[in-house]
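The values are calculated or read from the model by the stated rules, or taken from the named source; none is laboratory data. These figures come from a predicted structure and were not determined experimentally. In this analysis, Cβ positions are derived from the backbone assuming ideal geometry, glycine residues included, and neighbour counts consider all displayed protein chains.
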Amino acid sequence: MNIDEMYQDHILDHYENPSHRGTLTLPTFEIRDLNPLCGDEVCIQVRLDAQEHLEAIRFEGKGCVISLAAASMLMEVVEGKTLAEVKQMGREEMLALLGVPLTLMRVKCAMLPLRALGKAIQRYEAHQAS
């Protein structure tokens, strides 16, 4: 098995057996976002601890293999991190999680969960500051 096949199997595993899929009771904040070009949709819920670490994070969604696998992988990576650490994540880190080359359209699918989480953090911080 070559490296691309290993990554493809990893993506399929996250799609078929997603990590952190579901809902939280009493989330600190949540967001629903979609990619209007393809119809992928994700809802992310986050519960923060007193030090603003992502104590728990869950997602629900519908869409292609890439967007749902990316959401599952992202949830695994960010749980336990601080808001500041999550805000530092960008396109390169997200694409590295998937590990395979993607077309431009598929990059948009892969970025949906991170984009949504970033928006949710911005809204939360703006609300806290007001």
Subset of segment 105-120 (residues that are closer than 12 Å to I31 by Cα, surrounded by 20 or more Cβ atoms within 10 Å (Cβ to Cβ) and touching a residue at least 60 places away in the same chain (Cβ under 8 Å)): L112, P113, A116, L117, A120
Residue satisfying condition, being of a type outside the set (A, V, I, L, M, F, W, C) and over 12 Å from the mean Cα position of the chain (by Cα), within set S130, S67: S130
Segment 121-130, residues that are part of a helix (DSSP H, G or I) and surrounded by fewer than 18 Cβ atoms within 10 Å (Cβ to Cβ): Q122, R123, E125, A126, H127, Q128, A129
Residue pairs meeting the criteria (Cβ under 8 Å; at least 6 apart or on separate chains; first surrounded by fewer than 12 Cβ atoms within 10 Å (Cβ to Cβ), in segment 1-24; second modelled with pLDDT of 90 or more and of a type in the set (S, T, N, Q)): T23/Q45
Selection count where residues are modelled with pLDDT of 65 or more, over 11 Å from L98 (Cα atoms) and either part of a helix (DSSP H, G or I) or not basic (K, R) (or both), scope segment 1-24: 11
Looking only at segment 52-111, and only at residues there that are more than 17 Å from D13 (Cβ to Cβ), of a type in the set (D, E) and outside any strand (DSSP E or B), the one that is modelled with the lowest pLDDT: E52
Considering residues of segment 25-47 that are over 15 Å from the mean Cα position of the chain (by Cα) and in contact (Cβ under 8 Å) with a residue 40 or more places away in the chain only, the residue farthest from L112 (Cα to Cα): T28
Enumeration of residues in segment 26-51 that are assigned to a loop (DSSP other than H, G, I, E, B) and not β-branched (V, I, T): L26, P27, N35, P36, L37, C38, G39, D40, D49, A50, Q51
Residue among E52, E92 that alone is out of contact with any Cys (no Cβ under 8 Å at 6 or more places or on another chain) and either surrounded by 13 or more Cβ atoms within 10 Å (Cβ to Cβ) or touching a residue at least 12 places away in the same chain (Cβ under 8 Å) (or both): E52
When residues of segment 69-83 are limited to those that are out of contact with any helix residue (DSSP H, G or I) (no Cβ under 6 Å at 6 or more places or on another chain) and touching a residue at least 24 places away in the same chain (Cβ under 8 Å), the one surrounded by the fewest Cβ atoms within 10 Å (Cβ to Cβ): G80
